[in-house]
Amino acid sequence: MGESLKTDYLIIGSGLVGMAFADTLFTETDANIVIVDRYAKPGGHWNMAYPFVTLHQPSSFFGVSSKELSRGVIDQIGLNKGMADLATGDEICAYFDDLMRQRFLSSGRVQYFPMCEYEGDGQFTSKLTGETHSVDYEKLVDATFLTIAVPSTHTPNFSVAIGAQFMPLNDLPTITEKPAGYVVIGGGKTGIDACLWLLARGVDPDQITWIRSRDAWLLDRANTQPTNAFFHKSVGSIAAQYEAIAGASSIDDMFDRLEEDGYLLRLDEDVRPSMFHAATISKPEIEQLQRIKNIVRMGQVSAVELDRIVLAGGEIPTTAAHIHVDCSASLERSFAHKQPRPVFDGNCITPQMIRAYQPAFSASMAAYVEVNYASDGEKNRLCALVPPPNHDVDFIPMTLAMMMNQFNWSQDKQLRLWVRANRLDGFTKLISSADKEDQKKMDILQRIQNNAMPAIAKLQQFNIELLDKELLEQELSQGTKT
Ligand SMILES: Cc1cc2nc3c(=O)[nH]c(=O)nc-3n(C[C@H](O)[C@H](O)[C@H](O)COP(=O)(O)OP(=O)(O)OC[C@H]3O[C@@H](n4cnc5c(N)ncnc54)[C@H](O)[C@@H]3O)c2cc1C
């Protein structure tokens, strides 16, 4: 048996969520913290990411609250030209490593146990020495709930014949010989990244077959720029979003309006997206991806064989000389089996999404609420769950929950000030520092104010329609209604 430890907070997971939570806890208290992780370094899945990965949002509001990640530059070249820098995977790993060593460990208040598997009941075991440690803690923070599957470590849910060339996109840079063609499997963020990487390296778009079982609504990165130069675009897109929702006559009409107003984008104007995973993209990236014409929409892959790929809706030919690129790890497969829990439940805290698209801000705010509010009831009211989206219509409960949280937070002055000062927040500081003499900016803010409540009411109406439809479908499938 190894050491017996005593701590205020035992945090499982040193990925984005564990680090963002620990950082705010560290700032707000003088508590002692033990962090346990099965990986060798902090940063979670970013340690396993493909070599050409970058954030899809600006670095300036990713990471932890106390430490800047952005290099403060605007990209001058490439498909993100004109917009704020996007950290690479290496930069993110170095950032978390530096944070762990320079801020946490050097304080003496944090103990870090990498390469250790948490087994429950305050016990964890080193994968290197086999020693089991036991921790007597006040609070347990389960920072593993938002863990997402990534191509390099997940198991595909289809079979692959021996002899077929099959690799996660991580291995694309190891290719030494031109294949007969590339088959990219997966239409999400990693599928997009694989296709963009191939195209940027001169691969003929006709050499790429892209299996997209579902098309996705995408977010425009130009709307996520938290700087004054982009005020009209970024803050304007919030106004446009609320207007589109408030004015919609039906759920379909809402998506049409969101697209018309530039809030949502799609890759193919002839195909109505049915998925929404909140992936963010630039318009030049979309133009590149539209060069690929061999799009396969036959549902999910069930087998990659030597001469054909079998899909739910048919099959397509392939050969052993083709490279099949696995980009099929998905949010859906990461979250589908997970039952959401309250963030605060006695001595267990489970950080989850409380603001859509922003896991880092969500984790930081959970830590702030933990130390500044008394009862679990009050804490959970402020940290109501925002359900992760998968289908297009999941945009509705997600946006509704996010707007309700935002409203609750705005009623609490101290919390409002904290949110504004948090670098992970992104937009509140930009909005609140708008020059009152600038009429164009004031008009945008007025549109937000005029449309927020009507948008909430419309989302509530659409949400009831969705729940009614779900109930009807359940009754029909159980034969209790004909
Ligand atoms: C390609 C890609 C791009 C992304 N881009 C963005 C972006 O631009 N903006 C954004 O906000 N988000 C982005 N994300 C998501 C974000 O980075 C986080 O990955 C996500 O919120 C999950 O973080 P996490 O800390 O919960 O999970 P992880 O990174 O998976 O960390 C969980 C940690 O828990 C540890 N762990 C789990 N179980 C145990 C156990 N039993 N014992 C010990 N340790 C354990 C794991 O080793 C791991 O280190 C992106 C994700 C991907 C895949």
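Each value in this text was obtained by applying a stated rule to the coordinates, not by laboratory testing. In this text the structure is predicted, and so the values were computed from the model without any measurement. A quick note on method: Cβ atoms are made from the backbone with ideal geometry, for glycine too, and the neighbour counts reach across all protein chains shown.
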Residue separation between L128 and N372 times 0.36 nm, minus their alpha-carbon distance, gives in nm 84.0 nm
About its Cα centre, what dipole magnitude does region 110-189 give when the only charges are +1 on Lys and Arg Cβ and -1 on Asp and Glu Cβ, stated in debye to the nearest 20? 540 debye
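If you take every DSSP beta bridge fully contained in the chain, what fraction is antiparallel? Give it as a percent rounded to 5.
Taking every DSSP beta bridge with both residues in the chain, the antiparallel ones total about 35 percent.
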When only alpha-carbon atoms are used, what values of Rg and Dmax, in angstrom, describe region 54-181? 20.2, 59
Please rank W217, W409, fewest neighbouring Cβ atoms within 10 Å first, as an exposure proxy. W409, W217
Label points 7 Å out from Cα along the Cβ direction at Q449 and F158: separation in nm? 5.3 nm
For the peptides 362-369, 246-253, 45-52, what is the packing order when you average, over each peptide's residues, the other Cβ atoms within 10 Å and list the highest mean first? 362-369, 45-52, 246-253
Taking every alpha carbon pair in the chain and sorting the distances into 10 angstrom bins from 0 up to the bin holding the longest one, the percent per bin comes out as 4, 18, 28, 27, 18, 6, 0
Could you work out [θ]222 nm for the chain from helices alone, using -39500 (n - 2.57) per DSSP H run of at least four and dividing by all its residues? Round to the nearest 500 deg cm²/dmol. -11000 deg cm²/dmol
Going by average Cβ neighbours within 10 Å, how do the peptides 224-235, 339-350 rank, with the highest at the top? 224-235, 339-350
Expressed as a rounded percentage, what relative contact order does the chain have, with Cα pairs under 8 Å and six or more residues apart? 19 percent
Relative contact order (%) - criterion: Cα under 8 Å, at least six apart; region: region 76-141: 14 percent
Between A180 and residues 5 or more places away or on another chain, the pairs with built amide H atoms under 5 Å apart involve H322, I323
Which entries in K283/K441; K436/K458; K41/K81; K189/K441; K233/K429; K6/K379 show an alpha-carbon gap greater than 21 Å? K283/K441; K436/K458; K41/K81; K189/K441; K6/K379
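About its Cα centre, how strong a charge dipole does region 96-153 have in debye, to the nearest 20, once Lys and Arg get +1 and Asp and Glu get -1 at the Cβ?
280 debye
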Percentage relative contact order, region 159-330, counting C-alpha pairs under 8 Å, at least six apart: 40 percent
Taking H placed 1.01 Å from N in the peptide plane, check which residues at least 5 places from I309 or on another chain put their amide H under 5 Å from its amide H. I316, T318
For region 159-330, share of DSSP beta bridges that run antiparallel, in % to the nearest 5: 30 percent
